[in-house]
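Okay, structure first, notes after.
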Amino acid sequence: MAETVLVTGGAGFIGRHITSALLARGYRVRVIDSLIDQVHGGCAANDVVQDGVELLHADIRDRDVVARAVKGVDKLIHLAAEVGVGQSMYAIERYVSANDLGTAVLLEVLTERPVQRVVVASSMSIYGEGLYRTASGQPVQEVVRAAGNGWDPRGEDGQKLIPAPTPEWKRPSLASVYALTKYAQERLTMTVAAAYGLEAVALRLFNVYGPGQALSNPYTGVLAIFASRLLNGQCPVVFEDGQQRRDFVNVRDVARAFVLALELPQAAGGVFNIGSGYDVTVMEVAAALARAMGREDLEAEVTGQARTGDIRHCFADITLARDELGFEPEYGLGDSLPDLVEWVGRQCAVDRVALARRELEARGLVA
């Protein structure tokens, strides 16, 4: 008999791709999702999951529904979370409650109704700034960007540090409420699972992109935000000087990573970076997307401002995922943009970027 997998937050962007991958491998799939308006825009429940997926429309903090959801489940993927660095800095109770109380409720239920394995979605945000190296090659795990000293972190000698791929052993530096909540989700899952004899895996996701992102959510991934602006004839808004470096990983690669983490015996107890293994500047991404959408006339607006909680450089070292999970990204950013643009062209996106920026500015979170 086919195994049953519960996916919390499974009606969201990443969740829908994961459920598709699970169905393709013959799993029975159950989803619990609160279908919040910011992400789903009031979509009907039957419009957000595939045929063959059982959907429970409920909040992860509803213990009774969660207990019902895990009944008969063999394995579990935990995605349910509020997402967004900027918004987390003022919607503090909302983020802490949904992400951490929600995870606590789920784990408490699992102590009574255990499953074989739990795979939790963690985040690159827990690293804060990524790993850096000095000119002589020495690793620097903790850096501070000094006001008035340029955008890039500098070493004790005043020289610019060199950004490097960030491995899992890099110490966390929790620069936002969102980062705090994601680290708590990860550590709660790994700690409670070990105490109760459950297998657990944490995947630290870098910047995920692809068809299906919530284009009208101004706190979603940067590629979706840029696409929404361009679709509405507006210039992408880029903070700082646009030279900050990120790792953009295709959602189909991410879905495959979750399947590997769910299935491979050697994954149990592991924490893995899931990225593309390549870095690119935010300005390069904005320009590439504008070209792909035929809107090269809409040059990015560079604000010269920084948002509280933002970091300068962070991109993934995926050596461990390659070695332990056999994870190898198949979709490069350049090759994937036409697919994303084709999907975006069929959407109707409400541009709420200016509203989100005003929210941050009103609270002194942009400087």
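Observations on the model:
- A straight Cα-to-Cα reach below 17 Å connects K170 with the aspartates and glutamates E129, E142, E186, D247, D317, residues fewer than 8 places away in its own chain not being considered.
- Solvent-accessible area of the chain (1.4 angstrom probe, protein heavy atoms only): carbon and sulfur portion equals 50 percent.
- Relative contact order [Cα under 8 Å, 6+ residues apart], region 173-254, whole percent: 26 percent
- Charge sum, other residues only, whose C-beta stays under 10 Å from E199's C-beta, Lys/Arg counted +1 and Asp/Glu -1: +2
- DSSP-defined beta bridges in the chain - what % are antiparallel, rounded to 5: 20 percent
- Expected-Rg normalisation [2.2 N^0.38 Å, Cα atoms] applied to region 106-156: 1.97
- Rolling a 1.4 Å probe across the protein heavy atoms gives the chain an accessible surface of 42 Å² per residue.
- Rounded to 5, percent antiparallel among DSSP beta bridges of region 41-166: 55 percent
- Local charge for P211 was computed over the other residues whose Cβ lies under 13 Å away, with Lys and Arg +1 and Asp and Glu -1, and equals +1.
- Between the alpha-carbon centres of region 52-73 and region 241-274 there is a gap of 25 Å.
- Among the trypsin sites (Lys or Arg not before Pro) in region 1-32, those located in a DSSP loop and surrounded by at most 16 other Cβ atoms within 10 Å of their own Cβ are R25.
- Within-10-Å neighbourhood charge of R25 [Cβ basis; K, R +1; D, E -1]: -2
- Under a 5 Å amide H cut-off, with hydrogens placed 1.01 Å from N, Y219 pairs with nothing among residues at least 5 apart or on other chains.
- Residues of type lysines that K71 reaches as a straight line, Cα spacing below 29 Å, ignoring anything fewer than 8 places off in the same chain: K182
- Counting only whole DSSP H helices of the chain, the ones at least 24 Å long by C-alpha along their axis and with mean Kyte-Doolittle hydropathy no lower than -1.0 are 177-195.
- Excluding exposed DSSP-loop GluC sites (Glu not before Pro) (at most 14 other C-beta within 10 Å), longest clean stretch of the chain: 1-141
- DSSP loop chymotrypsin sites (Phe, Trp or Tyr not before Pro) with at most 13 other Cβ within 10 Å: longest gap in the chain: 197-367
- Selected from H313, H78, H57 as most flexible by GNM, with the chain as the system and alpha-carbon contacts under 10 Å: H57
- Cα lying deepest toward the dipole's positive end in the chain, options A290, V259, T181, charges on Cβ: T181
- For region 112-264, the relative contact order is 28 percent, taking Cα pairs closer than 8 Å that sit 6 or more residues apart in sequence and dividing their mean separation by the residue count.
- Summarised in one figure, the compactness ratio Rg/Rh of the chain, Cα atoms and Kirkwood Rh, is 0.95.
- Each Lys and Arg Cβ is given +1 and each Asp and Glu Cβ -1; about its Cα centre, the chain then shows a dipole of about 380 debye.
- Proximal aspartates and glutamates relative to K75, as straight alpha-carbon distance under 12 Å, when same-chain residues fewer than 8 apart are discounted: E3, E199, E263
- Average Cα contact separation per residue, region 49-119, under 8 Å, 6 or more apart, as relative contact order %: 46 percent
- Highest-MSF residue in the chain out of V271, V109, V251 [GNM, Cα springs under 10 Å]: V109
- Considering only D64, D310, D100, the Gaussian network model of the chain with Cα springs below 10 Å gives its largest mean-square fluctuation to D64.
- Cut-off 13 Å, label 7 Å out along Cα→Cβ of D64, residues of region 82-108 by amide N: none
- For region 290-367: rounded, prolate or oblate by the Cα gyration tensor [a/c cutoff 1.5]: oblate
The values are calculated or read from the model by the stated rules, or taken from the named source; none is laboratory data. All values derive from a computational prediction rather than experimental measurement. Every residue, glycine among them, receives a Cβ derived from its backbone with ideal geometry; neighbour counts consider all protein chains shown. SASA here: full protein model, heavy atoms, side chains in, ligands and nucleic acids out. Shrake-Rupley method; radii C 1.70, N 1.55, O 1.52, S 1.80 Å.
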